[in-house]
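The numbers here are math on the coordinates, done by the rules we state, and not lab data. This structure is a prediction, so every number in the text was calculated from the model and none was measured. All Cβ positions, glycine included, derive from the backbone under ideal geometry; neighbour counts span all protein chains shown.
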Amino acid sequence: MKISWSPLAVEKLENIYEYIALDDRTAAQKMINRIFKKAETLSKNPERGRKVPETNREEIREVFEGEYRIIYRIESKKVFILTIRNFKQLLPDKDTE
């Protein structure tokens, strides 16, 4: 399956990088790389993520990388990365559109 990233997900990645880079640029880049690698694994098995509890919709799922939730939607032959959030943050409805 093809992986696509929403503008919101890209923006969240940039925010994560900037936040971590305040202390350590190398650690920031490593985290971004880990998030990308985890997202890429979804191309082979997108159903492995759990349903997002806030939505309880079969097509909206998430996997974790460190303290971050990679939230995505399964579409026909495509995985669409919707957003990246800290595991402590709830998912607003508007982020699943």
### Point-to-point label distance, E67-L8, nm (Cα→Cβ direction, 7 Å offset)
2.2 nm
### Size of charge dipole - region 2-88 - debye, nearest 20, with Cβ of Lys, Arg +1 and Asp, Glu -1, no other charges
380 debye
### Message
Take S43 and E18, extend 7 Å from each Cα along the Cα→Cβ direction, and tell me the distance between the two endpoints in nm.
### Response
2.9 nm
### Message
Give me the one-decimal nm value for the distance between modelled label points at K77 and T26, 7 Å along each residue's Cα-to-Cβ direction.
### Response
4.4 nm
### Message
As I understand it, the value is the acute angle between the Cα axis of helix 7-21 and the longest principal axis of the Cα atoms of the chain; what does it come to in degrees, rounded to 10?
### Response
30 degrees
### Task
Taking the dipole about the Cα centre of the chain, with the C-beta of Lys and Arg at +1 and of Asp and Glu at -1, give me whichever of V10, T41, I71 is farthest to the positive side.
T41
### Message
Within a 10 angstrom radius of the beta carbon, how do K77, K37, K51, K12 rank from fewest other beta carbons to most?
### Response
K77, K37, K51, K12
### Message
If I fit a long axis through the Cα atoms of helix 25-41 and take the longest principal axis of the Cα atoms of the chain, what angle between them do I get, 0 to 90°, rounded to 10?
### Response
10 degrees
